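For reference, the structure discussed in these notes is given below.
Values quoted throughout were computed directly from the atomic coordinates according to the rules given, and no laboratory measurement underlies them. Predicted model only: the values in this text are computed from it and were never measured. With ideal geometry, Cβ positions are generated from the backbone for all residues, glycine too; neighbour counts draw on all protein chains shown.
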Amino acid sequence: MEVPHLAKWAQRYKRQGLVVIGLSMASPKEQREAAQRFGITYPLFLWEREKLPSLLRRITATPTTLLLDRKGRIVEVQVGLLFGERLAVWERKIRALLQERPAHAQR
């Protein structure tokens with residue numbers, strides 16, 4: 001399960017600019033319970049398909065994890081659980097993306 005790792009990364013890299021959000025089909029009450037049970041500290045939002053951008057509406061499998069760069073471009077997609085060696089790969093990619101200069105600093 002990737003949730004504990006996402007929570008850890010959210011805390012570890014927030015000063016460098018990492019933002020983690022969760023979209024869940026669970027009710028808000030179930031989300032609060034899961035956040036407490038799994039130590040989720042990042043924001044959770046209700047998956048309301050009709051309100052999502054068209055790109056996200058195409059996601060049909062859960063979990064699906066997206067990694068975006070500072071410009072909002074999708075650079076990695078994991079369909080299914082993120083575990084094992086994939087966790088280390090993702091953390092390396094996160095660190096590399098965070099080392100890139102923010103768009104406003106490149107002017």
Relative contact order %, segment 3-98, counting alpha carbon pairs below 8 Å whose residues are six or more apart: 24 percent
The chain - share of DSSP beta bridges that are antiparallel (%, nearest 5): 60 percent
Over 23 Å, how big is the tail of the calculated P(r) for segment 6-107, in percent of all Cα pairs? 32 percent
Exposure proxy check: THR60, THR41 ranked by fewest other beta carbons within 10 Å? THR60, THR41
Whole-angstrom gap from segment 1-23 to segment 34-69, using each part's C-alpha centre: 13 Å
Enumerate by residue number the trypsin sites (Lys or Arg not before Pro) in segment 1-88 meeting two conditions: DSSP loop (anything except H, G, I, E, B), and at most 14 other Cβ atoms within 10 Å of the site's Cβ. ARG58, LYS71, ARG73
